[in-house]
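Input: a single structure, listed below in structure tokens.
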Amino acid sequence: MRALGATATLTLLAGCSGRHNWLAAAGEEAQSVETLFWVVLAGAAVIWSLVIGAATYAHRAEAKPHREREARRFIIWGGVVLPVLVVCGLLVWGLLILRHITSDDGALTVRVDGERWWWRVIYDTPEGPVTTANEIRLPLGERTLFKLTADDVIHSFWVPALGGKMDMIPGRETTLALTPRKLGNWGGLCAEFCGGAHALMRFDAVVMEPGAFVRWLEQEARPAQVAEGDRGFAVFEEEGCGACHAIRGTEAQGPVGPDLTHLASRDKLGAGIYAMTPDNMARWITDTHEMKPDIDMPAYPGLQGERLDALVSFLMSLE
Ligand code: CUA
């Protein structure tokens, strides 16, 4: 029995660890929410104790009619006035945090569009927008403003260790700020049920040193380097991949699926769910719906042998 209890406790604690842990804040906004959580928990414990205490006191006082007035006063102050003050205080504090994390300012602006079931990511830079997908890189210590919307149904943007979450609503723009305080690859996910592959709608939120971030963004803004007569790019064109996917610097300008210009520089494939390896890439093309059910991308089971190899090496060269 004791072993069972210990196992259950360890399992629960394991659920609280790792990069999705909002109780191990790695950003300013997550820290303010975490602090609020602990204070609310303590406040709730105080209110609970007062209400139970007042009820017990009143129950005992009932037997002694001469103490009725004293009991009533105790219930009004301890059971009504104080809890109302505590709850109102917490409400105001929570609203101030909400206003801070949704206010419209930030050194950097990133637009994120929720799609079924992936993330379109657009960095607003003075030189123009830079589009990528399914991986968001952020500079350490700088406040980044996210402008969120959705293409089809409601999604919700959440990086538990950094802050959030915020709904992404079609036809409307919501905002959220994140100020990372720790380097690392923090996991992000969709926190609103949005259909079949909702649980597989993830992304990486990579916090970098500001200098490395600037170099990364400059590289991301460059068009792809595609060699003249590349065999894999020829297969890409023959199969019509460019109708859905864009590779900047080529004729492929499809707006439907994720931008592939620097695909291989991302850590993961399939919106944060598979490691970016040649094997996974090949399976993604041929067994698409085994890899991620319900998605719009058609599978290409007929693409095999030399043509598949060439396409995979081409995609893996897009760094
Ligand atoms: Cu998107 Cu759940």
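The values are calculated or read from the model by the stated rules, or taken from the named source; none is laboratory data. Keep in mind the model is a prediction, meaning the values are calculated, not measured. Note that each Cβ is placed from the backbone with ideal geometry, even for glycine, and that neighbours are counted across all protein chains shown.
Counting just the residues of segment 104-142 that are free of Cβ contacts under 8 Å to residues at least 40 places away in the same chain and in a loop (DSSP other than H, G, I, E, B), which one comes out nearest to the ligand (Cβ to nearest atom)?
Among residues in segment 104-142 that are free of Cβ contacts under 8 Å to residues at least 40 places away in the same chain and in a loop (DSSP other than H, G, I, E, B), the one nearest to the ligand (Cβ to nearest atom) is 107.
State which residue is nearest to residue 28 (Cα to Cα) when the search covers only segment 153-163 and only residues that are among the hydrophobic types (A, V, I, L, M, F, W, C) and away from the ligand (no atom under 13 Å from the Cβ). Reasoning before the result, please.
Pass one, segment 153-163, residues among the hydrophobic types (A, V, I, L, M, F, W, C): 153-154, 157-159, 161-162.
If we keep only those that are away from the ligand (no atom under 13 Å from the Cβ) as well, we get 159, 161-162.
Details: 159: 12, 161: 10, 162: 7 Å.
Only one residue fits best here, namely 162.
Of all residues being in a strand (DSSP E or B) and more than 18 Å from residue 133 (Cα to Cα) in segment 164-175, which is farthest from the ligand (Cβ to nearest atom)? Just the residue, please. Step through it out loud before you land on a result.
Keep residues of segment 164-175 that are in a strand (DSSP E or B), which gives 164-168, 170, 174-175.
In the following step, the residues that additionally are more than 18 Å from residue 133 (Cα to Cα) were identified as 164-167, 170, 174-175.
Details: 164: 13, 165: 11, 166: 13, 167: 10, 170: 12, 174: 14, 175: 18 Å.
Residue satisfying both the conditions and the ranking: 175.
Being over 24 Å from residue 205 (Cβ atoms), at pLDDT below 85, surrounded by 10 or more Cβ atoms within 10 Å (Cβ to Cβ) and of a type in the set (A, V, I, L, M, F, W, C), is that true of even one residue in segment 12-34? Quick ask: steps written out before the conclusion?
Initial filter on segment 12-34 (over 24 Å from residue 205 (Cβ atoms)): 12.
Filter once more, keeping what is at pLDDT below 85: 12.
Applying the additional criterion that residues be surrounded by 10 or more Cβ atoms within 10 Å (Cβ to Cβ) yields none.
Scanning segment 12-34, I find no residue that is over 24 Å from residue 205 (Cβ atoms), at pLDDT below 85, surrounded by 10 or more Cβ atoms within 10 Å (Cβ to Cβ) and of a type in the set (A, V, I, L, M, F, W, C), so the answer is no.
Counting just the residues of segment 184-201 that are buried (at least 17 other Cβ atoms within 10 Å of the Cβ) and more than 10 Å from the ligand (Cβ to nearest atom), which one comes out modelled with the highest pLDDT? Reasoning before the result, please.
If we filter segment 184-201 for residues that are buried (at least 17 other Cβ atoms within 10 Å of the Cβ), which is where we start, we get 186-192, 194, 197-198, 200-201.
Filter once more, so that each one left must be more than 10 Å from the ligand (Cβ to nearest atom): 186-188.
Details: 186: 92, 187: 92, 188: 95.
So, considering only residues that are buried (at least 17 other Cβ atoms within 10 Å of the Cβ) and more than 10 Å from the ligand (Cβ to nearest atom), the one modelled with the highest pLDDT is 188.
State all residues of segment 158-188 that are among the polar types (S, T, N, Q) and either closer than 18 Å to residue 105 by Cα or out of contact with any strand residue (DSSP E or B) (no Cβ under 8 Å at 6 or more places or on another chain) (or both); if no residue qualifies, say none. Before you say what the answer is, go through the steps one by one.
Just the residues of segment 158-188 that are among the polar types (S, T, N, Q), to begin with: 174-175, 179, 185.
Correct list: 174, 175, 179.
Please pick out the residue among 246, 275, 271, 264 that is on the phi > 0 side of the Ramachandran plot and among the aliphatic types (A, V, I, L, M). Working first, answer last.
On the way: 246 fails: on the phi > 0 side of the Ramachandran plot; 275 fails: on the phi > 0 side of the Ramachandran plot; 264 fails: on the phi > 0 side of the Ramachandran plot.
The match here is 271.
Restricting to segment 87-107, name every residue that is surrounded by fewer than 18 Cβ atoms within 10 Å (Cβ to Cβ) and of a type in the set (A, V, I, L, M, F, W, C).
Residues satisfying the conditions are 87, 88, 90, 91, 92, 93, 95, 96, 97, 98, 107.
Can you tell which of 261, 286 is free of Cβ contacts under 8 Å to residues at least 24 places away in the same chain and of a type in the set (Val, Ile, Thr)? Let's see the steps before the verdict.
Values: 261 fails: free of Cβ contacts under 8 Å to residues at least 24 places away in the same chain.
When all the criteria are applied, what remains is 286.
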